[in-house]
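The values are calculated or read from the model by the stated rules, or taken from the named source; none is laboratory data. All values derive from a computational prediction rather than experimental measurement. Here the Cβ positions follow ideal geometry from the backbone for every residue, glycine too, while neighbour counts run over all protein chains shown.
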Amino acid sequence: MPFIIYPDAATAIGLGQPIGTPVHLGDGEAMRSFVPLAGLVGPDPSEGNAPTTFIRISMLGLPVTADKQPKIELLAHDPSEPNGSPAPPLDPNTAVALAAGVSLFDDVHNPVGAALAYFSPPYLDNVYLLKVAIEIPGTKLWIRISNTTGAARNFVWVVADNDAETRQPWVHATYRDAAPAEITFNASVGQTSAEPAQPIAITNRGTGSLTVSGVNPAIAAPYTMSGLPLTLGPNPNTPATVTVSFDTPSTAGDIPAATFRFITNDNTDPGLFGAGHNNKLILSAHILAGIWSVIKVPDLGEGVAEAELVEWHVKVGDPVRKGALIAAVETDKATVEIASPTEGEVAWLGAKVGDMVAVGSDLARLKIPG
């Protein structure tokens with residue numbers, strides 16, 4: 001039973017969007033054109049096996065109220081006619097059954113409807129099931145989505161010839177908001193403290209439940225992983241977190257980059273569907289000999305557990321003197337400058353501007369001369 005996940009490469013190009021990502025629409029923004037849908041049609045057992053195209057639309061972000069639903073429009077095209085009739089908007093609040101469906105006309109058979117479109121609530125996790133009963137065989141469908149929800153949104157949709165196949169996960173793994181998730185550990189021989197475990201965020205951009213059972217190949221020393229297995233519904237409010245820890249070897253040297261892939265039920269072939277599903281994890285490490293100094297996020301006052309990193313005053317490789325300013329962090333009360341406790345060379349920076357950093361966490365590392 002086939003299905004197609006959108007936006008595929010052709011749709012992304014037609015809409016001027018990056019290939020392999022959901023369609024991003026700002027508040028009040030509409031897709032700049034209608035885009036074609038695959039002509040997948042199958043029987044709908046809940047409606048007497050009426051020939052139906054099943055479209056499941058996923059809208060990333062917080063839930064919306066009834067008066068802030070997205071606007072969905074469909075065009076019906078007859079294969080022999082290049083133009084369709086005006087596309088009526090489909091209201092998720094009213095077009096909620098076959099009997100309340102919206103007729104789609106194709107200009108050739110008008111006023112006879114070519115198809116009948118309606119939603120099938122409830123709309124859990126910001127996912128909408130749209131059914132289109134095909135009344136004239138061969139009818140082609142085109143879709144346009146407008147974001148009328150009051151906030152910027154990302155949209156993904158799946159077209160299939162049955163309900164079950166429209167429930168497709170879309171794994172998206174990131175490290176510090178970047179994909180693929182790529183972590184490089186920097187450590188020194190003989191260090192007394194363990195390397196901080198690094199968090200990988202995993203979310204589900206799709207229309208169906210995502211399961212992540214492990215990684216391939218299996219994680220082995222000096223790395224360890226925790227947080228798996230996990231299951232995520234579509235559009236979770238917060239991503240799941242998987243952590244990778246590092247046990248520093250006793251000898252200096254580089255551990256070359258190794259690529260792992262999360263094992264999931266997202267089996268979409270990117271080459272076939274053009275979907276940039278991010279299941280990749282890249283790990284590497286630098287283990288250096290010598291003496292090192294770790295600069296930690298200082299105590300920022302009673303009740304303050306974390307702060308936003310707002311500026312780096314240095315970059316990796318810079319020499320610094322004792323007392324030189326390294327970074328600035330900001331709480332809701334003040335901006336705090338963090339100075340170097342010693343002379344050295346910047347070897348590692350533990351966050352990027354905009355990140356929230358915890359009090360007591362490693363912020364930077366210096367290699368000490370000598």
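When the residues of the stretch 231-258 are filtered to those that are under 20 Å from the mean Cα position of the chain (by Cα) and farther than 12 Å from Ala173 by Cβ, which remaining residue is modelled with the lowest pLDDT?
Keep residues of the stretch 231-258 that are under 20 Å from the mean Cα position of the chain (by Cα), which gives 231-244.
Then drop every residue that is not farther than 12 Å from Ala173 by Cβ, which leaves 231, 233-238, 243.
Values: Thr231: 97, Gly233: 95, Pro234: 95, Asn235: 92, Pro236: 92, Asn237: 88, Thr238: 91, Thr243: 97.
If we take residues in the stretch 231-258 being under 20 Å from the mean Cα position of the chain (by Cα) and farther than 12 Å from Ala173 by Cβ, then Asn237 is modelled with the lowest pLDDT.
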Is it the case that the stretch 287-303 has a residue that's outside any loop (DSSP other than H, G, I, E, B), surrounded by fewer than 16 Cβ atoms within 10 Å (Cβ to Cβ) and of a type in the set (D, E, K, R)?
no
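So for the stretch 94-113 (the condition being in contact with a strand residue (DSSP E or B) (Cβ under 7 Å, 6 or more places away or on another chain), closer than 22 Å to Pro234 by Cβ and at pLDDT below 95), does at least one residue qualify? Walk me through it before giving the result.
If we filter the stretch 94-113 for residues that are in contact with a strand residue (DSSP E or B) (Cβ under 7 Å, 6 or more places away or on another chain), which is where we start, we get 95-98, 100-106, 113.
Imposing the further condition that a residue be closer than 22 Å to Pro234 by Cβ reduces the set to 95-96.
Narrowing the set further to residues that are at pLDDT below 95 leaves 95-96.
Yes: one or more hits.
What number of residues within the stretch 317-333 satisfy the criterion of being assigned to a loop (DSSP other than H, G, I, E, B) and either assigned by TED's automatic domain parsing to the domain that holds Thr248 or touching a Leu at 6+ places or on another chain (Cβ under 6 Å) (or both)? Even if it seems obvious, please write down each step before you answer.
Taking the stretch 317-333 first, the residues assigned to a loop (DSSP other than H, G, I, E, B) are 317-318, 321-324, 331-333.
From what's left, either assigned by TED's automatic domain parsing to the domain that holds Thr248 or touching a Leu at 6+ places or on another chain (Cβ under 6 Å) (or both): 331.
Qualifying residue count, the stretch 317-333: 1.
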Within the stretch 114-135, which residues are modelled with pLDDT of 90 or more, over 19 Å from Asp67 (Cα atoms) and not basic (Lys, Arg)?
Ala115, Leu116, Ala117, Val132, Ala133, Ile134, Glu135
In the set Ala194, Ala178, the lone residue that is within 25 Å of Thr11 (Cβ to Cβ), at pLDDT below 95 and not assigned by TED's automatic domain parsing to the domain that holds Leu116 is Ala178
Working carefully through the options Val357, Val336, find the one that is touching a Pro at 6+ places or on another chain (Cβ under 9 Å), surrounded by 16 or more Cβ atoms within 10 Å (Cβ to Cβ) and part of a strand (DSSP E or B).
Val336
